[in-house]
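The values are calculated or read from the model by the stated rules, or taken from the named source; none is laboratory data. Bear in mind that the values here come from a model prediction, so they are computed numbers and not experimental data. Here the Cβ positions follow ideal geometry from the backbone for every residue, glycine too, while neighbour counts run over all protein chains shown.
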Protein chains: 2
Amino acid sequence: MTENPDHLVLFMPSGKRGRFTKGTQIIDAARELGVYVESVCGGRGICGRCQIDIQTGEFAKHGITSTLENISEFSGKEKRYAEKRELKDGRRLSCSATIEGDLVVDIPQEGQANAAVVRKVDDGRVIERNPAIQLCYVEVEEPDMHKPLGDLDRLKVALERDWGWEDLMVDSHLMPDIQKILRDGEWKVTAVVHKDMDGSRPSIVALFPGLKNQAYGIACDIGSTTIAMHLVSLLSGQTIASSGTPNPQIRFGEDLMSRVSYVMMNPDGREAMTIAVRNALNNLIENVCTEAKVEPKDILDLVFVGNPIMHHLFLGIDPTELGGAPFALAVSGAVHTWAPDLDLTVNRGARVYVLPCIAGHVGADAAAVTLCEGPHRQDSQMLVVDVGTNAEIVLGNAQHTVAASSPTGPAFEGAEISCGQRAAPGAIERVRIDPDTLEPKVKVIGVDMWSDEEGFEAASSVTGVTGVCGSAIIEVIAEMYLSGIISEDGVVDGTLAAKSNRIVEDGRTFSYVLWRGEQELKITQTDVRAIQLAKAALYAGIKLLMDKQGIEKVDSISFAGAFGTFIDPKYAMVLGLIPDCDLEKVNAVGNAAGYGAKMALLNRDFRREIEDTVTRIEKIETALEPDFQAHFVNAMAMPNKVDPFPKLGEVVNLPQKKAPSEANSDDAASGGRRRRRRARS
Amino acid sequence: MTENPDHLVLFMPSGKRGRFTKGTQIIDAARELGVYVESVCGGRGICGRCQIDIQTGEFAKHGITSTLENISEFSGKEKRYAEKRELKDGRRLSCSATIEGDLVVDIPQEGQANAAVVRKVDDGRVIERNPAIQLCYVEVEEPDMHKPLGDLDRLKVALERDWGWEDLMVDSHLMPDIQKILRDGEWKVTAVVHKDMDGSRPSIVALFPGLKNQAYGIACDIGSTTIAMHLVSLLSGQTIASSGTPNPQIRFGEDLMSRVSYVMMNPDGREAMTIAVRNALNNLIENVCTEAKVEPKDILDLVFVGNPIMHHLFLGIDPTELGGAPFALAVSGAVHTWAPDLDLTVNRGARVYVLPCIAGHVGADAAAVTLCEGPHRQDSQMLVVDVGTNAEIVLGNAQHTVAASSPTGPAFEGAEISCGQRAAPGAIERVRIDPDTLEPKVKVIGVDMWSDEEGFEAASSVTGVTGVCGSAIIEVIAEMYLSGIISEDGVVDGTLAAKSNRIVEDGRTFSYVLWRGEQELKITQTDVRAIQLAKAALYAGIKLLMDKQGIEKVDSISFAGAFGTFIDPKYAMVLGLIPDCDLEKVNAVGNAAGYGAKMALLNRDFRREIEDTVTRIEKIETALEPDFQAHFVNAMAMPNKVDPFPKLGEVVNLPQKKAPSEANSDDAASGGRRRRRRARS
């Protein structure tokens, strides 16, 4: 023991440190330094969420000699916990152990997961946990005829006494159950306090008898094609189950506009689609709960994102206004509501948060992608692209951000391509064309080798080669361009029919025969035109935003969504879908919308961040911009082809989800394309 | 025109005055002085709620010469209003007219009803209107592709711009309808903002196309026997329809405890009674709406009071805990909830406020009576008594207030009296006994004369004389005592049988034959005992509270409820139900609970007042007080009979609802009783 009453304590892995008086509880020291340590039981030593380890030894750099004598002895509280629940060797409860000398305190990994990191994003940012709900265990005074406060009122007194909650509101649905829960728990209960209801005072939204040591949330991206849901522990921050399902609204209309039409033509159309999506959500909730062995009533907070039409249908709002100019959203701001109001079968007190929409064509999904990628958090100019039936484009930095939607149509999804098919075994997913012979080689989903490798025929015989999946369309058109089959104007060069029997006449134009097997797969002139239109729309939208920002070049590109995940960014550049950018800075970021939803679920500060960001984003309506048409016409052509890819044949076996280092194997090519793009613009 | 830029303006009838610059709008001048002038349209000259009159002439006392030249000329806005809606001669719109010289401004009566006075209570207090909702007419910007805010978001912008509402919350049930309402109203709508939801930020709870110039509220007292409801205009403060109905829960149990037993014995009992009372409420809502030609969707705020068991059953809470010690309320504080959560068929956004309960036996009805009578608002000691199956007693002043419930049982309601019956034609309601002959005379409901007057027999032949109604029980026992038929111990004096054949042997005791007709109506010794027990319980409770307050005498008594309305306070004092008090200060205050509910409906400041008062009331549980038993035993006897009433026979034809001046016709008698009471205590 030192005679100095102040002891130096270092918390790892955060590295935060401070001086504390002898006898200070370690949890209090941590909180004073802003080191996140969970606690549900309020320091009673029963929830075990505040565990720590002590690192012993001399830490010369910090001037600390940490020994087990510098922490208080194992307390009765800790012994009782260890007997009842198990406490790993060396572990201590920070709500019990006190500082008796200099210490190095380690917040163990599973504990630290509480505080941080679902995924480390590129900027090294760590996601701190600050969910909308908090579990608060209390012991409530029993009724007393001398002080005839109601049971609920005494619960509120206990929550103020132990947790500092003043004037909590209470969900009225709890009232019929409060007395039973208090008595079932023998006056020990865990209240769930929700702190993020659109500026309401915090509310008691659920009540459990005894100690409740776990609570869950849902983060969900309602896509027009697919709904993806994650079940997340609100106490550990971990995703414990995920599930996806096709959006059942597809039966009312394949794409968004056909669903709006369905509503306009059918009096019950809106209601039918609202019921369909909510049923699908309830099925997914059941799936993830079953998978993770979680009771739906333990789900207490839910975050949803989706494009404006999905957003409206989910909330029960008629999307007709979104079907035509001026594309008026019923509500653009974030929506806070109650899960039962949306017929969701979770805890009756669970709240729902829906991220704000950016504009009538740029929805809460785009807001979530923006939240995830964070152009508004950095100085360099970041381009965020989410390609679906429309492409949502966000471009900017901390100073200024612009957003637009570009009408790419469904070609990028393979929908308007003659041999297009969905990504399933047998679908072509990779294509290379020999520029000399014009012979193609392909890879199909479900087979590991290229079509010119030995054994391919046998391996592919089960499924056959049945079509070209969405992401491969880009690749085949780009390869056709690189090999000279199509010109810069996008015309299939009929003169090459003399050189290769892959070039065939098709009415008044020519086609390229990509595959000859049981099925013949051709890329027609119409297919090329469809991709040209789509890529021109995308590029024109991007160019418009670059004009608005006054920039000639973007510093990084984030490709969100399935399309971004599966295409090779190089080919996107060859075709001129996206502007010049260092390939190292082009990232496929997968379901960034779902990840943005998860961020908003785990930390309500992100809700304020995106709400604020959305109000500051400048919205560009492409239809109203005179320059858009000009950009569009210019972008129909292929970029100037200065140099082909070097070492092209080596780019094989791209992983489905692209890591930055892989996307970056070819700086020279990137430089070349940069020059080309500048030449055009 | 004076050269002084400041003009003196006097507002009548409030008498508030101030100096204002030439050109000041009169509505702004009024608001600056705290003179309440309604406005729904926000000064657009279309709602017509801000009308004023100008009084002209010399007002020497105030130093004002008010002329029509001192107000701005009739404006285009006023002309348009007058053409469209009618503006009475001389009337001006204060949102248009400006101050051009000294003025005396009259807020007309129907306008002033907005601000004040539903009823003037005894202390001269005026009830200012400050309801929980506010109607706000706005003109919303149309959608604009350049600024793609949602329709709701633009509505919020307009409400902030025109009404200063920042960050309004929005009921999620409105979202599906917002676009249609805005378009139906051609972007002109009236939003209903609710400002009193338990500390939440104000919310948009309803939205109407165009100008909505009226909104209604419900004030309701859910009694165990009768439910009484008032439909009130929240803009004028006037009660526009009232209705009552027997509580249909009576079929599950006549009194409160039998209803609790029903719940304990029947698994579905609680739900059945909750449904029964809510259905009855919906029927009443339909009745008052039909009577007043009001749409239920125009009801936007509701206030309920009731005893703890009615309160719990209405809210869907099992009242079992209230059936035994420690009589734990599920919730004692005020309840804020949504009307649809209670299955009430009013506007979907309507809110419900339930006054706080004082204790397990002293409910929200007693809180409402307290709010109405206001012991906490004055310095003198006020006793408030509400007699039902239990008597709720509140005693105190601004410094300290105490409350208790006394188990009087149902005798005061006539339920345990052999010849008791409900108040209906044929029931005896008034009794006088000649102290010399012991012959009675009675009045029956439905007949205007006393039984000894000519024509009574013919007039009463239709209904007969069938029983004694609750309030008359007090009178007949008191008259029996005053005429010597019963002793101070409450024993029917059998020796009088020799003097009068009205005294008859009845087993081992004697009875008094009150009526001989088709039916013989007897007051038995058991009847006398039942009333003795009830009055002893009431008096013991009051005495206990007086002990707690350290007082020997109360300054005033308010008798609430039907019992208080119908009994003659003199007889209540003769029997010793209530302590000595100047008879002038004994008031029957009728349905004070319903009136308290109306106060809370019209002015949310009263909600805060009663919430605060209830927390400061000291609750006394009679069962736990050792002195209660002693007081009870002492109070069994009749008070010392020092002098009988002078001029007794003249006290006739008491009105059903007693006015203070009438209750005060007999100061000498009151003095006499005061002496008697002091002698006993």
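For region B:595-642, name all the residues that are within 14 Å of chain A (Cβ to nearest Cβ) and among the polar types (S, T, N, Q). Listed by number, the residues that qualify are B:Thr615, B:Thr622. Those residues that are more than 42 Å from the chain's Cα centre (by Cα), surrounded by 13 or more Cβ atoms within 10 Å (Cβ to Cβ) and either hydrophobic (A, V, I, L, M, F, W, C) or not in a loop (DSSP other than H, G, I, E, B) (or both), I need them from region B:52-67; list them, please. If the condition is that a residue be more than 42 Å from the chain's Cα centre (by Cα), surrounded by 13 or more Cβ atoms within 10 Å (Cβ to Cβ) and either hydrophobic (A, V, I, L, M, F, W, C) or not in a loop (DSSP other than H, G, I, E, B) (or both), then B:Thr65 is the only one that fits.
Taken over region A:184-207, the criterion of being surrounded by 21 or more Cβ atoms within 10 Å (Cβ to Cβ) and either in contact with a Cys (Cβ under 6 Å, 6 or more places away or on another chain) or more than 22 Å from A:Phe606 (Cα to Cα) (or both) is satisfied by A:Val189, A:Thr190, A:Ala191, A:Ile204, A:Ala206, A:Leu207.
Please go through region B:482-508 and pick out each residue that is at pLDDT 95 or above and of a type in the set (Lys, Arg). Residue satisfying the conditions is B:Arg502 alone. Of all residues in region A:179-202, those satisfying the criterion of being under 18 Å from A:Pro340 (Cβ atoms) and at pLDDT 95 or above are A:Val192, A:His194.
Scanning region A:208-251 for residues that are part of a helix (DSSP H, G or I) and surrounded by fewer than 19 Cβ atoms within 10 Å (Cβ to Cβ) yields A:Pro248, A:Ile250, A:Arg251. Exactly one residue out of A:Leu281, A:Leu256, A:Leu234 is more than 22 Å from A:Arg607 (Cβ to Cβ), in contact (Cβ under 8 Å) with a residue 24 or more places away in the chain and away from every other protein chain (no Cβ under 14 Å): that is A:Leu256.
Among the residues of region A:132-149, those that are more than 14 Å from every other protein chain (Cβ to nearest Cβ), surrounded by 22 or more Cβ atoms within 10 Å (Cβ to Cβ) and not aliphatic (A, V, I, L, M) comprise A:Cys136, A:Tyr137. Among the residues of region A:259-270, those that are without any contact (Cβ under 8 Å) to a residue 12 or more places away in the chain and either within 30 Å of A:Phe412 (Cα to Cα) or outside the structural domain of A:Gly223 (by TED's automatic domain parsing) (or both) comprise A:Tyr262, A:Met265, A:Asn266. In region A:304-315 there is no residue matching the filter, namely being surrounded by fewer than 18 Cβ atoms within 10 Å (Cβ to Cβ) and either more than 14 Å from every other protein chain (Cβ to nearest Cβ) or assigned to a loop (DSSP other than H, G, I, E, B) (or both).
Considering every residue within region A:340-354, establish whether at least one is of a type in the set (S, T, N, Q) and part of a strand (DSSP E or B). Scanning region A:340-354 turns up no residue that is of a type in the set (S, T, N, Q) and part of a strand (DSSP E or B).
At least 1 residues being among the acidic types (Asp, Glu) and in contact with a strand residue (DSSP E or B) (Cβ under 8 Å, 6 or more places away or on another chain) is the threshold, and among the strands (runs of 3 or more DSSP E) wholly inside region B:356-409 those reaching it are B:382-387, B:391-396. The C-beta contact set for region A:409-431 (first residue among the hydroxyl-bearing types (Ser, Thr, Tyr), second residue modelled with pLDDT of 80 or more and assigned to a strand (DSSP E or B), distance under 8 angstrom, 6+ apart or interchain) comprises A:Ser418/A:Lys522; A:Ser418/A:Ile523. Looking only at region A:579-600, decide whether some residue is on the phi < 0 side of the Ramachandran plot, charged (D, E, K, R) and in contact with a His (Cβ under 9 Å, 6 or more places away or on another chain). Yes, region A:579-600 contains at least one residue that is on the phi < 0 side of the Ramachandran plot, charged (D, E, K, R) and in contact with a His (Cβ under 9 Å, 6 or more places away or on another chain). State all residues of region B:318-365 that are more than 11 Å from chain A (Cβ to nearest Cβ), surrounded by 20 or more Cβ atoms within 10 Å (Cβ to Cβ) and polar (S, T, N, Q); if no residue qualifies, say none. Hit for region B:318-365 is B:Asn347, nothing else.
Let's see how each residue does on (1) buried (at least 22 other Cβ atoms within 10 Å of the Cβ); (2) on the phi < 0 side of the Ramachandran plot; (3) modelled with pLDDT of 90 or more:
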| position | (1), (2), (3) |
| --- | --- |
| B:Ala537 | yes, yes, yes |
| B:Ala540 | yes, yes, yes |
| B:Leu544 | yes, yes, yes |
| B:Lys548 | no, yes, yes |
| B:Lys553 | no, yes, yes |
| B:Thr565 | no, yes, no |
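Number of residues in region B:177-207 that are more than 9 Å from chain A (Cβ to nearest Cβ), farther than 28 Å from A:Met264 by Cβ and assigned to a loop (DSSP other than H, G, I, E, B) equals 3. In the set (1) under 35 Å from the mean Cα position of the chain (by Cα); (2) not in a strand (DSSP E or B), the condition left unmet by B:Lys84 is number (1). In the set (1) in contact with a Ser or Thr (Cβ under 7 Å, 6 or more places away or on another chain); (2) surrounded by 24 or more Cβ atoms within 10 Å (Cβ to Cβ); (3) not polar (S, T, N, Q), the condition left unmet by B:Asp386 is number (1). Screening the candidates B:Thr337, B:Thr290, B:Thr274 for the property of being outside any helix (DSSP H, G or I) and either more than 30 Å from A:Val140 (Cβ to Cβ) or touching a residue at least 12 places away in the same chain (Cβ under 8 Å) (or both) yields one hit, B:Thr337. Checked against (1) within 14 Å of another protein chain (Cβ to nearest Cβ); (2) without any contact (Cβ under 8 Å) to a residue 12 or more places away in the chain, A:Leu174 meets all criteria but (2). Among the residues of this structure, B:Gly576 counts as one that is crowded, with 24+ Cβ neighbours inside 10 Å and either under 30 Å from B:Lys499 (Cβ atoms) or outside the structural domain of B:Ser471 (by TED's automatic domain parsing) (or both). The criterion of at least 2 residues that are of a type in the set (D, E, K, R) is met, among strands (runs of 3 or more DSSP E) falling completely within region A:495-572, by A:503-506, A:520-523.
Sort out which residues of region B:319-334 are out of contact with any strand residue (DSSP E or B) (no Cβ under 8 Å at 6 or more places or on another chain), in contact (Cβ under 8 Å) with a residue 60 or more places away in the chain and not β-branched (Val, Ile, Thr), and write them in order of number. Hits for region B:319-334 are B:Pro319, B:Leu322, B:Gly323, B:Ala325, B:Gly333. Among the residues examined, A:Glu416 qualifies as surrounded by 18 or more Cβ atoms within 10 Å (Cβ to Cβ) and at pLDDT below 90. Can you say whether B:Lys79 is part of a helix (DSSP H, G or I), more than 22 Å from B:Lys16 (Cα to Cα), modelled with pLDDT of 90 or more and more than 38 Å from the chain's Cα centre (by Cα), as far as the supplied structure shows? Judged against the criteria, B:Lys79 is a match.
When region B:190-201 is filtered for residues that are under 13 Å from B:Pro131 (Cα atoms) and either in contact with a Pro (Cβ under 7 Å, 6 or more places away or on another chain) or not β-branched (Val, Ile, Thr) (or both), the ones remaining, listed by number, are B:Val193, B:His194, B:Lys195, B:Asp196, B:Met197. Residue count for region A:1-51 under the criterion of being assigned to a loop (DSSP other than H, G, I, E, B), under 20 Å from A:Arg91 (Cβ atoms) and hydrophobic (A, V, I, L, M, F, W, C): the result is 7.
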